[in-house]
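Take a look at the structure below.
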Amino acid sequence: PQRIYYLSLEFYMGRTLQNTMVNLGLQNACDEAIYQLGLDLEELEEIEEDAGLGNGGLGRLAACFLDSMATLGLAAYGYGIRYEFGIFNQKIVDGWQVEEADDWLRYGNPWEKARPEYMLPVHFYGRVDHTPEGVKWIDTQVVLAMPYDTPVPGYKNNTVNTMRLWSAKAPNDFNLQEFNVGDYIEAVLDRNLAENISRVLYPNDNFFEGKELRLKQEYFVVAATLQDIIRRFKSSKFGCRDPVRTCFETFPDKVAIQLNDTHPALSIPELMRILVDVEKVDWDKAWEITKQTCAYTNHTVLPEALERWPVSMFEKLLPRHLEIIYALNQMHLDRVAALYPGDIDRLRRMSVIEEGDCKRINMAHLCVIGSHAVNGVARIHSDIVKNSVFKDFYELEPEKFQNKTNGITPRRWLLLCNPGLADVIAEKIGEGFITDLSQLKKLLDFINNETFIRDVAKVKQENKLKFAAYLEEQYKVKINPSSMFDVQVKRIHEYKRQLLNCLHAITLYNRIRSDPSKSFVPRTIMIGGKAAPGYHMAKMIIKLITSIGEVINNDPYVGDRLKVIFLENYRVSLAEKVIPAADLSQQISTAGTEASGTGNMKFMVNGALTIGTMDGANVEMAEEAGEENLFIFGMRVEDVEALDRQGYNAREYYERLPELRQAIDQISSGFFSPRDPSCFRDVVNMLMYHDRFKVFADYEAYIKCQGQVDQLFMDPREWTKKVIRNIACSGKFSSDRTIVEYAREIWGVEPSATKIPPPNLPRD
């Protein structure tokens, strides 16, 4: 069968124990067995460390995809880096984020198996020699890549795929070559330099930091993986099993490589290097093979996130790859010039090499020219990709561009994290939805069924009580479990507009203060997420959230009508607890900035209602459930563009909206930071004078929309009916559906629902 290789620098796996039991259908058996030993399985599960080898959406998507590919019986492999330290643990000290290293391997990792027999060399630096026999890359430094395999079980289908993560090892002669005579101790200590490659995950979400170590990581995973892919292709029964195996014509029929963003983009020049320099395939043939094999998923349109590597860095680290990229770019530009004679500006816009004070390689352009398929991750995002980000490329090859709306695995994000809800659903429609989430549509028949309405509401209340107890036990905060759980959990970023949420909290507070006797719908506003350690504004946003909480939570006039809680160290295992307990899901990015979002889908399937902008997959969620069943507000992409043309003037909103002005004045006067009145001047200055994400422009619509949320929450029966409608319409957002589309429309394989026989039975 065709093998699928999913290449990603991030796999945000979370914990493995419960997921393995669920997918093997062993949870009840294990529960019972552990109970008979006088132990509590849930207590045991809490001991496992999260595998936090990702930052957010992109890394978690890779994890969901692995689960779906195994469940759909695809011959798929996830390839990445075994970081010794994953995403940092977040501590809040005095309201500020403090990072500490995530030493997740401290007590070992029972799920991985080292495979030293498959260790492979990876080359760096050196120089290129052009000889009559061909091109040689020589005088390189070698680092060894040691594979660690983690099993990926499908859901009750006896399929187990593999996630192979590479760890860097120095070769034994490292730095002990002829030139290093005498300083043996120094040389052995220098082994760390090589082994640092897999030491730590770069903690940036949607931001490019052009560090040499990061480029080394990107080449490391690519070089090791491609050697593995080619070894497997050559030894496979399907290719001519001759001793001389040079027929690579069938390569794209047997191998599909999916690039998760541009991080593994070096796969394109590396595959070219192997085919041309090592396997002596003709250049043009090699280019056809490479394009037919690779496909690229774009994850963001934010310019600061696009990878643009300095040519000078490439020249030093990967000289042969630089030559190949120059040659590919020349070929590409010759084609463009032939089609658009005299259009010099188009050549400049479409070049893989950006000219300027510092020449750079645009990795996204490399991916587009080197892939047979390019996809965005939600319909609105794919349209933006075609009409603006890669407009010129779309005009050249429109057939290349596709949409593949993201999804989430219903095993982890419904069955595992919300067994109460899964049971109530299965009681009504059977268990088929677990592997075919579109079956949730059958719940539409029960929207007016009183017992079902009651059961769904009861499960939610139980989840809220459980989460409230967890919060009290872990963080000593008491919350009102009958209040609305209003949740925004995601990485802290200006474009995600946690600041808009803050302004709403302040506005609610001011309304309570101005009329304490009036009845208010009680809310617990929970905001969680990590800020990249170097992202000053994001860290200030966390400090603002904690400072607002400090004031509101200790004001006797407010009581338990309003609380603002910052959820510390948000991660996969915490998401599994908070999402099933949420009433309201906040998805409030500026239209056109959130490529898809996947948290939005998790909340929807777990019975929360969404307040959100028409951005990312929110658009398709509204389409599936009906716009009237979400709380949609604010500017659409067209409105944002119009405002850009007109010029966004924050002060205009500040002058016109008294509640907004009051909130901003309180932040800037030090009302929320009495010890340091100028604490938030950078935040206020940004909002007033250079807010790329137009927080004030959506404030009025947002506050009004939150009023509608309050209204509905006061009618629990109508609220729950909307919840049921949302759950019933969430089937599209299974990663199983997403992977079926990738398989058919990009990889050219058919998924199979057939269960292979278990290992204790003979095969046909």
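The values are calculated or read from the model by the stated rules, or taken from the named source; none is laboratory data. Bear in mind that the values here come from a model prediction, so they are computed numbers and not experimental data. Here Cβ is always computed from backbone atoms with ideal geometry, including for glycine, and neighbour counts include all displayed protein chains. What goes into the accessible areas is simple: the full protein's heavy atoms, side chains included, and nothing from ligands, DNA or RNA. Shrake-Rupley method; radii C 1.70, N 1.55, O 1.52, S 1.80 Å.
Quick look at the values:
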{"read-out": "Qualifying positions in the stretch 605-622 - touching a residue at least 40 places away in the same chain (Cβ under 8 Å), open to solvent by less than 20 Å² (accessible area, probe 1.4 Å) and assigned to a helix (DSSP H, G or I)", "value": "VAL605, GLU620, MET621"}
{"read-out": "Those residues of the stretch 359-418 which are charged (D, E, K, R) and assigned to a loop (DSSP other than H, G, I, E, B), in sequence order", "value": "LYS359, GLU397, LYS404"}
{"read-out": "Top-ranked residue in the stretch 695-726 [being in a helix (DSSP H, G or I) and of a type in the set (A, V, I, L, M); ranked as nearest to GLU659 (Cα to Cα)]", "value": "ILE703"}
{"read-out": "Test for VAL374: is it touching a helix residue (DSSP H, G or I) at 6+ places or on another chain (Cβ under 9 Å), aliphatic (A, V, I, L, M) and touching a residue at least 60 places away in the same chain (Cβ under 8 Å)", "value": "yes"}
{"read-out": "Filter result for TYR35 (without any contact (Cβ under 8 Å) to a residue 24 or more places away in the chain and either surrounded by 19 or more Cβ atoms within 10 Å (Cβ to Cβ) or of a type in the set (Ser, Thr, Tyr) (or both))", "value": "yes"}
{"read-out": "Selected residue (only one of LYS442, LYS464, LYS460 is open to solvent by less than 10 Å² (accessible area, probe 1.4 Å), basic (Lys, Arg) and assigned to a helix (DSSP H, G or I))", "value": "LYS464"}
{"read-out": "Test result for GLU10, in the same structural domain as GLU218 (by the TED database) and crowded, with 24+ Cβ neighbours inside 10 Å", "value": "yes"}
{"read-out": "Filter result for the condition that a residue is of a type outside the set (Gly, Ala, Ser) and either outside the structural domain of ASN204 (by the TED database) or buried (at least 20 other Cβ atoms within 10 Å of the Cβ) (or both), over LEU58, LEU44", "value": "LEU58"}
{"read-out": "Sole exception among (1) in contact (Cβ under 8 Å) with a residue 24 or more places away in the chain; (2) charged (D, E, K, R); (3) surrounded by fewer than 16 Cβ atoms within 10 Å (Cβ to Cβ); (4) part of a helix (DSSP H, G or I) for ARG692, by number", "value": "(4)"}
{"read-out": "Residues of the stretch 111-141 satisfying the condition of being over 30 Å from the mean Cα position of the chain (by Cα) and either under 16 Å from VAL222 (Cβ atoms) or assigned to a loop (DSSP other than H, G, I, E, B) (or both)", "value": "TYR125, GLY126, PRO132, GLU133, TRP137, ASP139, THR140"}
{"read-out": "Flag for PRO580 being surrounded by fewer than 23 Cβ atoms within 10 Å (Cβ to Cβ) and either out of contact with any Phe, Trp or Tyr (no Cβ under 7 Å at 6 or more places or on another chain) or farther than 20 Å from TYR509 by Cα (or both)", "value": "no"}
{"read-out": "Among (1) over 30 Å from GLU623 (Cβ atoms); (2) open to solvent by 50 Å² or more (accessible area, probe 1.4 Å) - the single one HIS321 does not satisfy", "value": "(2)"}
{"read-out": "Index of the failed condition, THR150 passing every other in (1) under 24 Å from LEU53 (Cα atoms); (2) without any contact (Cβ under 8 Å) to a residue 40 or more places away in the chain; (3) crowded, with 17+ Cβ neighbours inside 10 Å; (4) not charged (D, E, K, R)", "value": "(2)"}
{"read-out": "Residue match in the stretch 623-643 (condition: of a type in the set (S, T, N, Q) and in a loop (DSSP other than H, G, I, E, B))", "value": "no"}
{"read-out": "Residue in the stretch 348-364 that is under 25 Å from the mean Cα position of the chain (by Cα), under 30 Å from ARG636 (Cα atoms) and among the β-branched types (Val, Ile, Thr) present", "value": "no"}
{"read-out": "Residue selected from the stretch 642-663 under the condition within 34 Å of the chain's Cα centre (by Cα) and free of Cβ contacts under 8 Å to residues at least 40 places away in the same chain, by the criterion most open to solvent (accessible area, probe 1.4 Å)", "value": "ARG645"}
{"read-out": "Checking THR409 against (1) in contact with a strand residue (DSSP E or B) (Cβ under 8 Å, 6 or more places away or on another chain); (2) of a type in the set (Ser, Thr, Tyr); (3) open to solvent by 30 Å² or more (accessible area, probe 1.4 Å), the condition it does not meet", "value": "(3)"}
{"read-out": "Filter result for the condition that a residue is touching a helix residue (DSSP H, G or I) at 6+ places or on another chain (Cβ under 9 Å) and on the phi > 0 side of the Ramachandran plot, over GLY95, GLY78, GLY57", "value": "GLY95"}
{"read-out": "Strands (runs of 3 or more DSSP E) wholly inside the stretch 66-110 containing at least 3 residues that are surrounded by fewer than 24 Cβ atoms within 10 Å (Cβ to Cβ)", "value": "89-93, 96-100"}
{"read-out": "Filter pass, ILE541 being open to solvent by less than 10 Å² (accessible area, probe 1.4 Å), touching a residue at least 12 places away in the same chain (Cβ under 8 Å) and farther than 24 Å from PRO716 by Cα", "value": "yes"}
{"read-out": "Cross-chain or 6+ apart pairs with Cβ under 8 Å, the stretch 280-294 first and within 9 Å of HIS372 (Cβ to Cβ) and open to solvent by 80 Å² or more (accessible area, probe 1.4 Å), then at pLDDT 95 or above and not in a helix (DSSP H, G or I)", "value": "GLN292/HIS372"}
